[in-house]
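A quick write-up on the structure given underneath.
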Amino acid sequence: MTKTKCAFLKMVAGTLLLSPLAQAQNWSTIGSTCQPGSDSIGLYSYSNGTFQFASGETGKISARCQVNNPLDTGVPAWNSLTAGFVDPDAHASDYEVQVHLERVAKSTGTHTVIVTLDSNSYNNTGPTSKSITFTHTFDFTNYSYYVGLVVLRGDTSFNPGVWFASLK
């Protein structure tokens, strides 16, 4: 085999090996980097990276985490939303964590929820990480995206919270 053919085959092999990596870009954030809503002022705290209720507070707290396109060109082929959270009563209604992938149309402000991961859908009462799959074609030209975090607390016996969210 000539040096030219060998070099060409190495280049093609390298391209084929690296192509899946270009589409495998992930997005992730920790709860403490997200922007709490004005309705959450004074109600939330951060424990390391966890977004949770301040001591003695109950109700609903929420935050938004900006999602940016990690690719220089094209759009990511994300199809799962994952979150790390604790919901001390699992299916019951005293505590709940919701993580939403949402988009806003740049031209009109129209808001759409793409997928919601809800802690009440799982049996875990301790710290856990769960994923939910979805189908969506991302369009960063016409839409802005964010992940919304919502934590509900009916009493002060336990403290639900969320410490990360990711798109894969």
Options Thr137, Thr116, Thr82; residue that is of a type outside the set (Lys, Arg) and farther than 23 Å from Leu152 by Cα:
Thr137
All but one of (1) at pLDDT 95 or above; (2) under 18 Å from Gln25 (Cβ atoms); (3) touching a Phe, Trp or Tyr at 6+ places or on another chain (Cβ under 6 Å) hold for Val75; which doesn't?
(1)
Taking interchain pairs and intrachain pairs at least six residues apart, which have beta carbon atoms under 6 angstrom, with the first residue in region 61-89 and within 15 Å of Leu101 (Cα to Cα) and the second of a type in the set (S, T, N, Q) and in a loop (DSSP other than H, G, I, E, B)?
Pro76/Gln25
Is it fair to say Lys106 is more than 21 Å from Asp39 (Cβ to Cβ) and among the charged types (D, E, K, R)?
yes
Kindly check whether there is at least one residue in region 109-130 that is exposed (fewer than 13 other Cβ atoms within 10 Å of the Cβ) and among the acidic types (Asp, Glu).
no
Could you say whether any residue in region 79-95 is acidic (Asp, Glu), on the phi < 0 side of the Ramachandran plot and surrounded by 16 or more Cβ atoms within 10 Å (Cβ to Cβ)?
yes
Sort through Thr112, Thr116 and tell me the only one that's without any contact (Cβ under 8 Å) to a residue 40 or more places away in the chain and touching an Asp or Glu at 6+ places or on another chain (Cβ under 7 Å).
Thr112
Sole residue being in contact with a Lys or Arg (Cβ under 6 Å, 6 or more places away or on another chain), more than 23 Å from Leu71 (Cα to Cα) and outside any loop (DSSP other than H, G, I, E, B), chosen from Leu117, Leu152:
Leu152
Enumerate the pairs (first residue in region 127-146 and without any contact (Cβ under 8 Å) to a residue 60 or more places away in the chain and in a strand (DSSP E or B); second residue anywhere and of a type in the set (D, E, K, R) and surrounded by 13 or more Cβ atoms within 10 Å (Cβ to Cβ)) with beta-carbon separation below 6 Å, excluding pairs fewer than 6 apart on the same chain, so at least 6 apart or on different chains.
Tyr143/Arg103
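Here is a yes/no grid of residues against (1) surrounded by 14 or more Cβ atoms within 10 Å (Cβ to Cβ); (2) acidic (Asp, Glu); (3) at pLDDT 95 or above:
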| residue | (1), (2), (3) |
| --- | --- |
| Lys3 | no, no, no |
| Leu16 | no, no, no |
| Trp27 | yes, no, yes |
| Gln35 | no, no, yes |
| Ala63 | yes, no, yes |
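The values are calculated or read from the model by the stated rules, or taken from the named source; none is laboratory data. In this text the structure is predicted, and so the values were computed from the model without any measurement. Because the Cβ atoms are built from the backbone with ideal geometry, glycine has one as well, and the counts that use them run over all protein chains shown.
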